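Novice: Before I ask anything, let me first share the structure, which is written out below as structure tokens.
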Amino acid sequence: MMDPQHLTHGLQQLADEVEPRPVDVTAVIAIAKARTKARRSTAAAGLGTVAIVGAMAAVMSTVAPSQPPPPATSSSASSTPAQPPAPGPDDRSRKLDEQFATAHLIPSQYTVEPNPQHGPVALVFSGSQGPKEKNYTAGALLKNAQGQATIQVWVLKNPPGTPLGHYHGQVFGPCQDGDKNCVRHTLPDGTVATTQVNARPPAITLSSTLTAQRPDGTYIQVITNVRDGDPPDMPVPPLTAEELIAFATAFTY
């Protein structure tokens, strides 16, 4: 039968040889000794061995080996939904600005000023995502001695060869035969357009409009609009049919 002193020494050696754990061997032996005092003296050594081993197991079970913290999960850029680009200038809008400036489309009798609804600069194109391609629009105020009116120009895109029609999402489309002052034009390059001067399209105040479809798919709309009010704006919207039709071939998307 093993002497308790030798048993203590043996357990300490065993604890030193195994993987280091936060276990107090002396505390384990003290627990074991306390348990063996209640047992009969004739079986103290043998039962003490069992008690010590059991006590060590009890203490070991209460101490969990330290675990490294789980790795932090970092959010990737792809987890954030892509946002649509904000309206503004891009390469195409700058190209359209150059085409506008080259064409000299605004008659000299009008003063051009920024329209607050279209930004701080007059007649500069800005692009925003539309139902098909990006939509490009520019606007301004036209003024003369009679008052003022607004002008807005759209340059949009259809597939090449698309016939003239209403562009999805636009307020107005080409005027129809029988509409007041509606004229249909077929130009030498194949562009088809309608002009409607000094009329009231549905849901629009007194206006003059152009809608044009070019063979390459470029779709152009122009509207000059006179606001109803007191005092009134210009008595007649700016731009004649001839002045409007010049817009029909000025732009290429």
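Novice: With (1) within 34 Å of the chain's Cα centre (by Cα); (2) under 20 Å from Tyr253 (Cβ atoms) as the list, and Thr191 as the residue in question, which single condition is left unmet?
Specialist: With (1) within 34 Å of the chain's Cα centre (by Cα); (2) under 20 Å from Tyr253 (Cβ atoms) applied to Thr191, the lone miss is (1).
Novice: Can you name every residue in region 120-138 that is more than 18 Å from Phe247 (Cα to Cα) and surrounded by 15 or more Cβ atoms within 10 Å (Cβ to Cβ)?
Specialist: Those that are more than 18 Å from Phe247 (Cα to Cα) and surrounded by 15 or more Cβ atoms within 10 Å (Cβ to Cβ): Gly127, Gly130, Lys132, Glu133, Lys134.
Conditions tested, residue by residue: (1) of a type in the set (A, V, I, L, M); (2) surrounded by 13 or more Cβ atoms within 10 Å (Cβ to Cβ).
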| position | (1), (2) |
| --- | --- |
| Leu141 | yes, yes |
| Val155 | yes, yes |
| Pro163 | no, no |
| Ala203 | yes, no |
| Gln213 | no, yes |
| Thr224 | no, yes |
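Novice: Hey, another quick one. Suppose we keep only residues that are hydroxyl-bearing (Ser, Thr, Tyr) and part of a loop (DSSP other than H, G, I, E, B) within region 141-168. Which one would you say is nearest to Ser108 (Cα to Cα)?
Specialist: Checking each candidate, the answer is Tyr167.
Novice: Being assigned to a strand (DSSP E or B) and either touching a Leu at 6+ places or on another chain (Cβ under 9 Å) or in the same structural domain as Val222 (by TED's automatic domain parsing) (or both) narrows it down to one residue among Ala138, Ala122, Ala101; which is it?
Specialist: From the options Ala138, Ala122, Ala101, the qualifying one is Ala138.
Novice: Checking Cys175 against (1) buried (at least 20 other Cβ atoms within 10 Å of the Cβ); (2) in contact (Cβ under 8 Å) with a residue 60 or more places away in the chain, which test does it fail?
Specialist: (2)
Novice: Has region 232-242 got at least one residue that is among the β-branched types (Val, Ile, Thr), surrounded by fewer than 21 Cβ atoms within 10 Å (Cβ to Cβ) and touching a residue at least 40 places away in the same chain (Cβ under 8 Å)?
Specialist: Looking through region 232-242, at least one residue is among the β-branched types (Val, Ile, Thr), surrounded by fewer than 21 Cβ atoms within 10 Å (Cβ to Cβ) and touching a residue at least 40 places away in the same chain (Cβ under 8 Å).
Novice: All but one of (1) surrounded by fewer than 20 Cβ atoms within 10 Å (Cβ to Cβ); (2) hydrophobic (A, V, I, L, M, F, W, C); (3) in contact with a helix residue (DSSP H, G or I) (Cβ under 6 Å, 6 or more places away or on another chain) hold for Ala193; which doesn't?
Specialist: All conditions pass for Ala193, except number (1).
Novice: Would you confirm, using the coordinates I've provided, whether Thr162 is within 13 Å of Leu244 (Cβ to Cβ), in contact with a strand residue (DSSP E or B) (Cβ under 8 Å, 6 or more places away or on another chain) and among the hydroxyl-bearing types (Ser, Thr, Tyr)?
Specialist: It is false that Thr162 is within 13 Å of Leu244 (Cβ to Cβ), in contact with a strand residue (DSSP E or B) (Cβ under 8 Å, 6 or more places away or on another chain) and among the hydroxyl-bearing types (Ser, Thr, Tyr).
The values are calculated or read from the model by the stated rules, or taken from the named source; none is laboratory data. Note that the structure is a prediction, hence the values are computed from the model and not measured. Virtual Cβ from ideal backbone geometry, glycine too; neighbours counted across all protein chains shown.
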